[in-house]
Amino acid sequence: MSTKFLFIEPINILSIIPQYHILLAAFLIMWLTWFISKRYYSRDRMLTEDEVEKKLAEWNPEPLINNPQMNHISLNPRRIMSRAGKKIVVDGKDCLNLGTHNYLGLTENNEIEKNAIAAIRKYGVGSCGPRGFYGTVDVHLELEERLANYTDTEEAVVYSYGFSTISSAIAAYCKRRDLVFVDEQVNFAIQKGLDASKTNIIYFKHNDANDLQNLLVKQAKIDEQNPKKATKIKRFLIIEGIYMNTGNICPLPELVALCRQYKLRIFIDESISFGTVGKHGKGITEHFGIPKQEIDMIMGSLDWAMGSIGGFCVGTSFIIEHQRLSGLGYCFSASLPPLLTTAAITSLDIMKNNPQIFKSLRDNCVAINEGLQNIHCLECSSFPESPVKHVYLKNKKDRAAEEQLLSKISNRCIENNLAIITPVYLEAEKNLPRPSLRLCISTLLNKSDIDFAVNVLKKCAEEVLSVE
Amino acid sequence: MATQAITRRKLNEHEQKISKNGLTFHEDILANGHAGLQTNGRVQFSEEKTRAEPVKSRSKESFERIPFITAVLTHLGFYILMFLGFINQLLFTPKVAQEHNREGYAPLYENFDTFYLRYVYRRVRDCWNRPICSVPGATVTLKDRITKDYGWTFQFTGTTSECINLGSYNYLGFAEANGKCADQSIETLKKFGCANCSSRLELGNMPIHEELEQLTARFLGVEDAIVFGMGFATNALNLPSLVSKGCLVLSDEKNHASLILGLRLSGATVRVFKHNNVKHLEKCLKTAIVFGQPGTGEPWKKIVIIVEGVYSMEGSIVHLPEILQLKKKYKAYLYLDEAHSTGALGEHGRGVCDYYKINPREVDILMGTFTKSFGSAGGYIAGTKTLINHLRIHSHAHTYAAAMSPPIAQQIITSMKIISGEDGTDDGNRRTKQLARNTRYFRRRLNQIGVIIYGNEDSPVVPMLVYLFSKIGAVVRTLTTYNIAAVGVGFPATPLMEGRIRFCLSAAHTKQQLDYVLLHIERLADSLGLRYSRKIRDPMPIEYYSDGETE
């Protein structure tokens, strides 16, 4: 072949390949040039100093804090001058405590105190590091093992903050393309976990299994259009055992049946129900007699019944192990201080060795519930055995008026030596719960305490409402 | 004299040559005028000093570039690991729990993630999550564990080993089981119990919290402060009440996960600027002001710059003076996360502002944690009365999460009073000085050994670069055999090529302990080939400043 042909050959190709190919190639090159030049100019366009200064002079940013408030009620919270046990000193008034979540009365336990002191003497106060970097103290492993044993699950993971437990655990599994069915009254920590995961959320009516079923059927119809895609979407159901914001118990058997039918993984926040309901205080699953393998993950808090601080998740190793590298609040936060870990271990021991505390707690809850039914100006629809009770005004009013009345009743109760409070909510809540008085019932109360509490509440409520 | 002058000139020429290649120094650092490094364990060059622009932020930082051959090897090593893992996956079934009774469900985890965890990370899994059973002080007792199946499971041997602790964030040595802090915490525990089962806004607000808040505000020199029970949550749960949709946040690329989470929750637009790079930050600010919000072009509601005081993985200290100038010039706000710097930096242990001698009131939002220097747990936000009042009303953590445990709060109060000297002793002063001394000495010695270390010469966090994934494991394991506990960090926590060993210094360390550690690092550097640095090494012995001397 001579060199002449070598030059002609490429030109020949043009006649061989089809026309549309050439057009396509030309178009592609043009598009590429346009794309590159656009990116180049838009990103690296030199901003002239004049332009910047002109814009800067025009720009008036908002102040860091938009409307500073100096007299908001939250700025002067009540001061607690004592240990928050059965009794509590609120603003100098010695009260019977129905305000803090001390369901099992463990904040005053001597054994816990003794062991916590021993923990300070052995480990110091802080753990000085996250779990990965020499922050795993042997007591953490012990607590995890004990929790797993106590709840009859394979594995447990302990966090250093109750709120972050819930929000980190949810965000570790639910991702952008997933589908999460959530009760509309879930607490704020779950809401934030869902926000962090940026997942697709479908709310169903509070405690309404039928509504959930309707939504699931609707979703199943959508899935039929694209079955291949549908098999890849992870689906979750997130509920609370006993709802912090209403005091209601979830209809777990119905929900579990739906989950099995529609292939949802189920996560339960047992912050309130763990250590309070069930014969051995093992929570909602024990209460309904549902086997543990039906539930994918249980999240709980060490803050309330356990009388310590922190949170935990229990479930199968397959699920829980994942959080040790993906739970943000677990990996990137310092571990729970050893003294609080030891306190939680001791609490578990007490719970294990004294199952009668759960019975007396249940009796107290039911007794208070009966007493509340006799106060005619108020109504309480919370689950009778729930240690959290929300009491609402019988006559509905607008939000501000209800808030004002309830806080008056709360103040009047505290003046009369009974600590009952109105729960504080932020406006950022998804569904702002109706204003209420919240009662937290402890196992330590006896008959006369309960009578005293109901009578004082009745008297104060009637006094305040009669003035209206 | 003459020979000295000649060597100095030679060294100088060499220095210029490598810095011209842009290999030795991080370009941006040079451009910022922080040629610095003069006393960093190397020969001093007077000529360099005069040539450099006036150093505004006293910052002496070094981010030496990775040698080309090491970069190639690191990549190669990583791919070999992945390839071996892939073969491993084909041949052997993993010894991990499987999901039961969930047939027909969408798989819970991504394939690549599980592969990476099982076949790459598992090989070095023993280097993390090591259980301890003592105070994490100057030394720490590790529970020995072995693995018989290459990292799938671990068994405790029942023995323990006491190691010099370079892993915990115990900067001022307040992790103590005895002494004033522990005693007072126990007193408080006896009086108020472990916890009070309520949030601050409900029935959890105790005088001890108020005392701590006032003390924190006084310690930092600002109007007011608010404290929370967890450092991570301080960022994650308060940023949403400070920025919102329509606000722009300029965030340093090395910011902590808690800040990133908080920003994600807030809904604000986030733009990332290069690590500690003031020029890039300025460019981002200019762009933001000129172009406004994307799409509409409306001006931003407000612009917030978020930086950390000391970056825990880079060992660098924020260039605060320059960033403050920018903030003022461009009407932005500054959020400073002092998780690792409060207590650990500055002449009086007051953090970055103290270090640069800047009035802390110039920073809009000061955030910090109590886990590190104070040997406790929790976090604070400090600033103007208006800001703190806003948080008291709108903060998620303040409203919903349990209040701080009283003995935890007491530990902070006692240690903070010691640092600030309010207890009437010079113990705090002694600790901050000791930490500064340890830091300088340790960093200079490492430079002399010839390993590459990142960050500022005053930062008590010292990352030593080992690059290769397998070297992280090798270094951590070998150091443990010599009873030294250090932390290894690799991909995905760091960029692929920048595997590193991190040392956290403490005021509790003695010179003998540091010398012992350095001796073994030097030996390791030879046996594993860690002397990557091409800077000139100081041939003279490094001095450890005695108590009387101040720098």
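Quick rundown of the values:
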read-out: Lys/Arg +1, Asp/Glu -1 at C-beta; chain B dipole; positive extreme among B:119, B:185, B:324; value: B:119
read-out: The range A:174-236: C-alpha gyration tensor shape, a/c 1.5 cut-off, then a/b vs b/c; value: oblate
read-out: In the range B:114-151, the trypsin sites (Lys or Arg not before Pro) that fall in loop regions by DSSP, at most 10 other Cβ within 10 Å; value: B:148
read-out: Potential lengthening between residue A:51 and residue A:111 on full extension [0.36 nm per residue; Cα-Cα distance subtracted]; value: 14.6 nm
read-out: Solvent-accessible surface ranking, highest first, for B:269, A:107, B:296 at 1.4 angstrom; value: B:296, B:269, A:107
read-out: Whole-number accessible area per residue in Å² for the range B:300-448, which is evaluated in the context of all protein chains at 1.4 Å; value: 22 Å²
read-out: The range B:65-134, accessible surface, carbon-and-sulfur percent (1.4 angstrom probe); value: 66 percent
read-out: Order of exposure, largest accessible area first, which applies to B:431, B:531, A:265 with probe 1.4 Å; value: B:531, B:431, A:265
read-out: Solvent-accessible area of residue A:95 with every protein chain in place, 1.4 Å probe, in Å² to the nearest 10; value: 0 Å²
read-out: Estimated 222 nm signal from helices in chain A, with DSSP H stretches of n ≥ 4 weighted -39500 (n - 2.57), rounded to 500; value: -14500 deg cm²/dmol
read-out: Residues with amide H under 5 Å from that of residue A:421, placed H, sequence gap 5 or more; value: A:438
read-out: 32 Å Cα-Cα threshold exceeded, pairs from B:328/B:385; A:263/B:95; B:60/B:180; value: B:60/B:180
read-out: Chain A: angle of helix A:110-123 to the longest principal axis, Cα-based, in degrees nearest 10; value: 40 degrees
read-out: Accessible area in the full protein assembly, largest first, 1.4 Å probe, for A:159, B:532; value: B:532, A:159
read-out: Cα-Cα over 19 Å, subset of A:198/A:430; A:198/A:221; A:394/A:459; B:274/B:535; A:86/B:191; A:192/B:331; value: A:198/A:221; B:274/B:535; A:192/B:331
read-out: Three-way shape label, chain B, alpha-carbon gyration tensor, a/c 1.5; value: rounded
read-out: Under the Karplus curve 6.51 cos²θ - 1.76 cosθ + 1.60, θ = phi - 60°, whole-Hz ³J(HN,Hα) for the range B:179-189, x wherever Gly or Pro sits; value: x, 4, 4, 4, 4, 5, 5, 5, 4, 5, 4
read-out: 1.4 Å probe accessible area per residue over the range A:356-432, in Å²; value: 45 Å²
read-out: Exposure of residue A:173 as accessible area (Å², to 10), given a probe of 1.4 Å and all protein chains; value: 0 Å²
read-out: Three-way shape label, the range A:214-362, alpha-carbon gyration tensor, a/c 1.5; value: oblate
read-out: Residues whose placed amide H lies under 5 Å from that of residue A:183, excluding near-sequence neighbours; value: A:204, A:238
read-out: Cα centre as origin, Lys/Arg/Asp/Glu Cβ charges: the range A:146-202 dipole, Debye; value: 320 debye
read-out: Solvent-accessible area lost in complex, 40 Å² minimum, residues of the range A:149-180 relative to chain alone, 1.4 Å; value: A:161, A:163
read-out: Residues in the range B:288-313 that, when all protein chains are in place, have 50 Å² or more less accessible area than the chain alone would give (probe 1.4 Å); value: B:289, B:290, B:291, B:301, B:302
read-out: Computed [θ] at 222 nm, helices only, for chain B once each DSSP H run of length n ≥ 4 contributes -39500 (n - 2.57); value: -12000 deg cm²/dmol
read-out: Averaged over A:65-78, number of beta-carbon atoms from partner chains that fall within 10 Å; value: 5
read-out: For the range B:104-111, Karplus couplings with θ = phi - 60° (6.51, -1.76, 1.60), whole Hz, Gly/Pro x; value: x, 7, 5, x, 6, 10, 6, 4
read-out: Cα lying deepest toward the dipole's positive end in the protein assembly as shown, options A:252, A:32, A:298, charges on Cβ; value: A:32
read-out: Given charges at beta-carbon only (K, R positive; D, E negative), |dipole| of the protein assembly as shown in Debye; value: 2260 debye
read-out: Cα lying deepest toward the dipole's positive end in the protein assembly as shown, options A:15, A:219, A:339, charges on Cβ; value: A:15
read-out: Long-range HN-HN contacts of residue B:457 with modeled amide H, under 5 Å; value: B:60
read-out: Whole-Hz couplings from phi, Karplus 6.51/-1.76/1.60, listed for the range A:91-98; x for Gly and Pro; value: 6, x, 9, 7, 10, 7, 8, 10
read-out: Debye, to nearest 20: dipole size of the range A:364-408, +1 on Lys, Arg Cβ, -1 on Asp, Glu Cβ; value: 160 debye
read-out: Between the range A:248-299 and the range A:368-399, the Cα center-to-center distance that results, in Å; value: 25 Å
read-out: Nearest-0.05 FRET efficiency for residue A:66 and residue A:290, computed from C-beta distance (R0 45 Å); value: 0.40
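The values are calculated or read from the model by the stated rules, or taken from the named source; none is laboratory data. Quick caveat, the model's predicted, so the values are computed rather than measured. Every residue, glycine among them, receives a Cβ derived from its backbone with ideal geometry; neighbour counts consider all protein chains shown. Note: accessible area is taken over every heavy atom of the protein model, side chains too, but ligands, DNA and RNA are not part of it. Shrake-Rupley method; radii C 1.70, N 1.55, O 1.52, S 1.80 Å.
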